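The values are calculated or read from the model by the stated rules, or taken from the named source; none is laboratory data. Just so we're clear, the structure is a prediction, and the values are computed from it rather than from any experiment. For neighbour counting, all protein chains shown are included, and Cβ atoms are generated from backbone atoms with ideal geometry for every residue, glycine included. Calculation scope for accessible area: heavy atoms of the full protein, side chains included, ligands and nucleic acids excluded. Shrake-Rupley method; radii C 1.70, N 1.55, O 1.52, S 1.80 Å.
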Amino acid sequence: MAIDIENINKSKLDKLAVSFASEFAQAEKDRQPKETEWLQSLRQVKGIHDPEIQFATNESQIYSQYTRSKVIPLQDKLNQHLLPEKEKNWEVKPTPKPKVPEADLQTIIQPLVGQDEAGNSIFPSDEEMDREIYRFTEERAAKMSVAINDGLVEDNDNDKTKAQIKSCIHYGTGIKKGPATEPYTETETVFETKTGGVGIKDYLKAFFGLQVKPEGKWVQKEVTKYRPTGQVASIWSFFPDLSTTDFSKSKFVYELNRSTKHDMRELAKREDFFGDVIYEILAGKKDGNYKLRNWEQTIQTMNENESQSTTIKDYEVIERNGFIDGADLYAAGVLSEDDPRAEYFCNFWICEGRCIKISLWPNDLFNKLTDYYHLFYYEKDETSLFGTGLPKILRHRQLAINAGEGHLLNHAAWLVKPCGEINISLLHPESAKQASNFGPGSFFGKLGIGNDANSK
């Protein structure tokens, strides 16, 4: 549904944005237990001990790569199985009894109508008509298959699906969203006349049909077009309605976007965003408003070889996809009539508590969130909307292997390193702290002064 962006009451929309920001805050809180599981899974794949596991001095800190040895081969196997290189994993074929538009039906049936010697019309049989209709739709399906394949290649769909598979294995859930459209520019050659541009085919029709050369000149123009696209949604930025464990019954999904100033300015240039509101936010928050979440800080500390900047000047942009009651849209000034029976699938963007975009989708396009978000589960049950990943399933075995191998190495170290005996009571207090570190290659500490110092 088209919205008059120029004349919309933005102050009313901001009230709706505030209520959605509160809803997002609750969705963040509801998801926190799952974040702990995902962080554990990420450490398992990377081979990093959980922070609550403490080690004594000189104790082995080995981390067996058991989880990684299972995850990587499975990921490669699914990539090869689901995304074969030399053939498509999908096809477009007509149904046994296809339906076609009325205009195409006339084109198909008319050539089948014949005449007898008396000039009477001879109509085709049902079998002949069905056969021609199927042949027509089969040709259309073949052309559509080529168009779809070209679109998937241009959109790098295989790489996006591989990212979805990886997330599915690691965290239990992989997410793709779409279809959506993205703009692109293309150079078109047109014949420019006083009344406007004429395409090449129209020019040739005029030239050969009327034998008259139109007045004007040939020019090349950059034309903006739109093509279908899909996106991979990161599990970390995905905040669904967790009041249900069945995603098809969810009322909303929030996505957290960390946007730079450049990203914000690019959004402001788009026709479907409120550019004036975005520029006001940039002017009022010159250093950004993004705050790192706990899970983001934890992920940053996992890379020991890379220092992370603590200076953040990005912006927190929240995207909401889901249903909104017609009454709420009427109160926000979007609808001209209050219909309590109506609801709309809406795309709503928030930054700094203000609405920077609102778009209503036709009801015949999206009936539920599963029409827009496509979740791929590794293992799913009725206990959660999210799935369970392979690292979570292997977690207890991984911890047992770590403990067993560490214990084995700790005992083996006693056999290869010499140990001594030292009287801690006779040492300087600072030296005594180091001498009391018990382990292979160290000293057995004892206490005593005078005659007691000579006892074993």
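What to note about this one:
- Every listed requirement among (1) closer than 26 Å to residue 73 by Cβ; (2) part of a loop (DSSP other than H, G, I, E, B); (3) open to solvent by 90 Å² or more (accessible area, probe 1.4 Å) is met by residue 364 save one, (1).
- Members of segment 367-383 found to be surrounded by 15 or more Cβ atoms within 10 Å (Cβ to Cβ) and either closer than 19 Å to residue 72 by Cα or over 19 Å from the mean Cα position of the chain (by Cα) (or both), listed by number: 376, 377, 378
- Listed here are the helices (runs of 4 or more DSSP H) enclosed by segment 1-113 that have at least 1 residues being in contact with a Phe, Trp or Tyr (Cβ under 6 Å, 6 or more places away or on another chain) and surrounded by 12 or more Cβ atoms within 10 Å (Cβ to Cβ): 10-46, 102-109.
- Selection within segment 391-410: residues that are charged (D, E, K, R) and modelled with pLDDT of 95 or more. The member of this set that is surrounded by the most Cβ atoms within 10 Å (Cβ to Cβ) is 392.
- Index of the failed condition, residue 143 passing every other in (1) part of a helix (DSSP H, G or I); (2) in contact (Cβ under 8 Å) with a residue 12 or more places away in the chain: (2)
- So residue 300, is it part of a strand (DSSP E or B) and of a type in the set (S, T, N, Q): no
- Checked against (1) under 22 Å from the mean Cα position of the chain (by Cα); (2) open to solvent by 70 Å² or more (accessible area, probe 1.4 Å), residue 242 passes all but condition (2).
- Checked against (1) hydrophobic (A, V, I, L, M, F, W, C); (2) in contact (Cβ under 8 Å) with a residue 12 or more places away in the chain; (3) not in a helix (DSSP H, G or I), residue 335 passes all but condition (2).
- Scanning segment 245-257 for residues that are hydrophobic (A, V, I, L, M, F, W, C) and either free of Cβ contacts under 8 Å to residues at least 40 places away in the same chain or open to solvent by less than 10 Å² (accessible area, probe 1.4 Å) (or both) yields a count of 1.
- The numbered conditions (1) more than 22 Å from residue 259 (Cβ to Cβ); (2) in contact with a Phe, Trp or Tyr (Cβ under 7 Å, 6 or more places away or on another chain); (3) surrounded by fewer than 16 Cβ atoms within 10 Å (Cβ to Cβ) are all true for residue 324 except (3).
- Test: residue in segment 279-298 that is at pLDDT below 90, open to solvent by 80 Å² or more (accessible area, probe 1.4 Å) and not basic (Lys, Arg): no
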